[in-house]
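See structure below.
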Amino acid sequence: MTPTDVTELMRELLGTDEIAVDDNFFDMGGSSVMALRLLLEMDKRYGVTLSLLDVMHNPTPQGLARRLSDVRSEASGAPQPGGPA
């Protein structure tokens, strides 16, 4: 999942084309309930489960895509940058 994928998903949920990869979901009109809908849709489409805290700490499409990538890496057991090899 790329930042562009997350941007498109946020656009669908918020009903606007005015979201860029560095826009804050909550500043663009998102609420905690909408964030939960976002998480459910991401899980359904991409098979990755994030938490509401992940959205709160990474509220931009770019940040969420990065977090999704981190979670996928953790799940696959791949070494993390700066971690033990």
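Computed from the coordinates by the stated procedures, all read-outs in this text should not be read as laboratory data. Note that the structure is predicted; figures quoted are calculated from it, not measured.
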Completion exercise
Semi-axes of the chain from the Cα gyration tensor (sqrt of 5 times each eigenvalue, largest first, whole Å) come to 24, 13, 11
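So what is the calculated 222 nm ellipticity per residue for the chain, using -39500 (n - 2.57) for each DSSP H run with n of 4 or more, over all residues, to the nearest 500 deg cm²/dmol?
-18000 deg cm²/dmol
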Exercise for the section: Enumerate the calculated ³J(HN,Hα) couplings along the range 64-74 in order (Karplus 6.51 cos²θ - 1.76 cosθ + 1.60, θ = phi - 60°), each rounded to whole Hz, writing x wherever the residue is Gly or Pro. Expected result: 5, 4, 5, 5, 4, 4, 4, 5, 4, 5, 4
Practice task
Could you work out the relative contact order of the chain, using alpha carbon pairs under 8 angstrom and six or more residues apart, expressed as a whole percent?
Solution key: 35
